[in-house]
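Beneath this line is the structure, given in C-alpha cells, with notes to follow.
The values are calculated or read from the model by the stated rules, or taken from the named source; none is laboratory data. Quick caveat, the model's predicted, so the values are computed rather than measured. Please note: Cβ atoms are built from the backbone with ideal geometry, for glycine as well, and neighbour counts cover all protein chains shown. Protein only, heavy atoms only, side chains kept; ligands, DNA and RNA dropped before computing areas. Shrake-Rupley method; radii C 1.70, N 1.55, O 1.52, S 1.80 Å.
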Amino acid sequence: MGTNCMQAFATRGPLMVRDVVLRVSFADILIAGIGRIEQIANVECYIAEPLGEGSQEKAILFLTDAYGHKFVNNQVGESPGICAVIGILSHVLLQLLADDFARNGYHVIVPDLFQNDAVPSFVPPDASISKEEFDVAAWVERHPPEIVQGIVAQVVTALRERGVKKFAALGYCFGARIAIDLASAEATSVCVVSHPSFWKVPDDMERYLVESKAPLLINSCEVDAMFPKEAQEKVDAILGGGRFKPGYERTYWQGCMHGFAVRGDMVRQPSTAPFLG
C-alpha cells in the first residue's frame, strides 16, 4: 500500500494524497488473517493491528460497502489457485484488506455499520436468499446515513477514550457516504474513498469544500452508475485545480466497474490494475 496518503494523515499538511491503491505481495495472500473481532462501544468491529511497533494515537476507520465487515473480500480472500481448490468465486482473490494496512504499521478498525444486517453476498454459505428476492429499497430504508453515522460516532468516541487522537477514513461504496460526513465534521484527518455511493453532487462537495480540512482522494472507475462520469467531473470542478487547499485528487480506472476496490476480479484485466498499482 502506498504511504503518501498516510503521511498526510500523520502531518495534517497540504501534502497531496497519492498511491493508495492496494499493492499485493502474493506471498502475503497465503498468510492467515491477523485481525480479530471485538466489541467497541457495543459495536462489533474487525480489528487489525500492526505486528511491530505502531503509533497507538492514529487509526484507520475502514468503512465498508453494503456487504459489511464480514464480507470475505473486506477481510480475507484467496489466490486464484486456492479459489479453484475450495470452490470460492473468482472475485474472492485478496488477502485481508484491513490486515494489509496493519502490515504497513497502521491500526485498523472495521465497524459493523449495519448491526448484523449487511447485504448478503448471495454465494455459499451466505446464500439464503437470491438477488432477485432481496429487497434493496427496504434495506436502504433500514440503514439511513444518519443512523450509520451514529454507530461510527460511538466507535470513534470509545477509541478516543482509549487514546486515539487522529483518524483516517477509508470509505467504499456506502462507506464513502459516511467517510465524507466524518471529514466534513472534522472527525478525520484524511479521507480516501472508492466508487462512492449515495453522494449528492454537487451539494456534498460544496459542503466538503467549506467544512472539511481533510485531504481527499477519490478512486473512481469507468462503469459506475452510482458515481458516473458527469458526477466525477462536477466534483473535479468544485475541489480540483487547487481550490480545495488541504489537497484533492481523483484517480480513474478505465475498464473497471463499481466495486472494483473491494470486489475486483483478479483473473481478468483490467480489474487487476487497481490492486497491483
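Tabulated data for the structure shown
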{"read-out": "Neighbours by Cβ (under 6 Å, 6+ apart or cross-chain): first from the stretch 129-149, farther than 16 Å from ASP65 by Cα and open to solvent by 50 Å² or more (accessible area, probe 1.4 Å); second modelled with pLDDT under 90 and of a type in the set (Phe, Trp, Tyr)", "value": "LYS131/PHE122"}
{"read-out": "Filtered residues of the stretch 40-67 (kept if assigned to a strand (DSSP E or B) and either under 23 Å from ALA183 (Cβ atoms) or open to solvent by less than 10 Å² (accessible area, probe 1.4 Å) (or both))", "value": "ILE40, VAL43, CYS45, TYR46, ILE47, ALA48, LYS58, ALA59, ILE60, LEU61, PHE62, LEU63"}
{"read-out": "Unmet criterion (only one of (1) charged (D, E, K, R); (2) over 16 Å from the mean Cα position of the chain (by Cα); (3) assigned to a strand (DSSP E or B)) for LYS213", "value": "(3)"}
{"read-out": "In the stretch 155-166, the residues that are surrounded by fewer than 15 Cβ atoms within 10 Å (Cβ to Cβ) and not charged (D, E, K, R)", "value": "THR157, GLY163"}
{"read-out": "Every pair of residues 6+ apart whose Cβ atoms lie under 8 Å, when the first sits in the stretch 217-239 and is in a helix (DSSP H, G or I) and open to solvent by 10 Å² or more (accessible area, probe 1.4 Å) while the second is at pLDDT 95 or above and aliphatic (A, V, I, L, M)", "value": "ALA231/VAL201; LYS234/VAL201; LYS234/MET205; ILE238/MET205; ILE238/LEU209"}
{"read-out": "Matching residues, the stretch 185-201, being over 20 Å from ILE40 (Cβ atoms) and open to solvent by 20 Å² or more (accessible area, probe 1.4 Å)", "value": "GLU186, PHE198, TRP199, LYS200, VAL201"}
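Matching residues to (1) surrounded by fewer than 18 Cβ atoms within 10 Å (Cβ to Cβ); (2) within 19 Å of the chain's Cα centre (by Cα):
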{"site": "TYR172", "(1), (2)": "no, yes"}
{"site": "ARG177", "(1), (2)": "no, yes"}
{"site": "ALA183", "(1), (2)": "no, yes"}
{"site": "ASP203", "(1), (2)": "yes, no"}
{"site": "GLY241", "(1), (2)": "yes, no"}
{"site": "MET257", "(1), (2)": "yes, yes"}
